[in-house]
1. Which angle from 0 to 90°, rounded to the nearest 10, does the C-alpha axis of helix 2-21 make with the longest principal axis of the chain?
2. Provide the per-residue ³J(HN,Hα) series for the range 136-153, in order, calculated from phi with Karplus coefficients 6.51, -1.76, 1.60 and θ = phi - 60°, each as a whole number of Hz, with x at glycine and proline positions.
3. Over the Cα atoms of the chain, Rg to Rh with Kirkwood Rh, two decimal places?
4. Before anything else, pin down the relative contact order of the range 30-289: Cα pairs under 8 Å, at least 6 apart, normalised by residue count, whole percent.
5. Any idea what angle helix 202-213 forms with the longest principal axis of the chain, computed on alpha-carbon atoms, 0 to 90 degrees, nearest 10?
6. Relative to the first principal axis of the alpha-carbon coordinates of the chain, what is the inclination of helix 262-271, with its axis defined by its Cα atoms, in degrees from 0 to 90 and to the nearest 10?
7. Taking only the alpha-carbon atoms of the range 149-290, what semi-axes of the equivalent ellipsoid follow from 5 times the gyration tensor eigenvalues under a square root, in whole Å, largest first?
8. Taking only pairs that are 8 or more places apart or on different chains, how many Lys pairs in the chain have Cα atoms under 24 angstrom apart?
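What follows draws every value from the coordinates through simple rules; no lab data is involved. For clarity, every value in this text was computed on a predicted model and none was experimentally measured. No Cβ is skipped: glycine too gets one built from the backbone with ideal geometry, and neighbour counts run over all protein chains shown.
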Amino acid sequence: MKRIFKIFIGVSLAAFLFLIAWPSPPPVSHIYFDRTSQSSVEIIAHGGGLGHAPPNTLFALERAREMGADILEVDVQQTRDGVLILRHDDTLDRTTNKNGRIADHDWRELSEVDAGAKTEIKGQSYVNRDIRIPRLDAALATFPNAYWILEIKNDTDAAAIEMCRVIKTSGAIERVLVGSFHDAAMARFRIECPAVATSMASREVRNFVIAARLGLSRFVRTPAVAMQIPMAAEGIDLTHPRVIDAAKARGIEIHYWTINEASDLSHLIEIGADGLITDYVDRGRRAADL
């Protein structure tokens, strides 16, 4: 028994020393984050600032820029004929005057849809205001100096490949951060566009957060330079100091979504969030400028 106990102690000590000696990955960096001193939190317009205008439209993006958004966050869907458009839902039903799946329509059909048909904000209707669903390439061209977070909504190779092509042909490689909930789409995009900054996909976030809470984040490898997460998920506090400290030690920026309440905005700024994804750019701007 004594011999077995000694072996157990020896193995445990060796395992402990191995964990202690395991090197942490070097901090990541990307030119996408070189545009500012990064001394303060960045305000990110969710859906182009959907609290102020029909989401994912040029009208919303323009308003977000006027209000002082640092980054424009948009969702990207692919049409039947392969065109990438700004759109959160995979159907038209919720916010437009048409119905049906995006994937069942060509761009020519979708270009005539009223994207403000079902939006009303503070009693103001946006129907018949000539607000259309924009193409991704048109949005990038309309705001050539803006910085973006682009979310791949389709879990397909085709969408990931086309996203890379549009970013390259638009000359936007250094001003976009690409994310997706879909691990496969994210992996394919990184193969096609290794020079573009990317966020963690779902599995990467889960692995990193769990490891960070256990103090083991140095064992988790990822090519991502950012992560977009809620304040909590599945009963886990994602604002925990171990999560934030682990990310900062690796040079990974944390952007929290969707943060609309003044108290939450102020709290996240205090604890070191790098970005706040909000429907209301004006609220975020006030909190950041205090």
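1. 40
2. 4, 4, 5, 5, 5, 6, 5, 10, x, 9, 7, 9, 10, 10, 10, 9, 6, 8
3. Details: Rg = 21.4 Å, Rh = 20.3 Å.
Rg divided by Rh gives 1.05.
4. Working: 523 pairs, mean separation 52.5, N = 260.
Averaging sequence separation for qualifying contacts and normalising by length gives 20 percent for the range 30-289.
5. On a 0 to 90 degree scale, this one is about 40.
6. Rounded to the nearest ten degrees, it is 40.
7. One finds semi-axes of 26, 20, 13 Å for the range 149-290.
8. For the chain, qualifying lysine pairs total 5.
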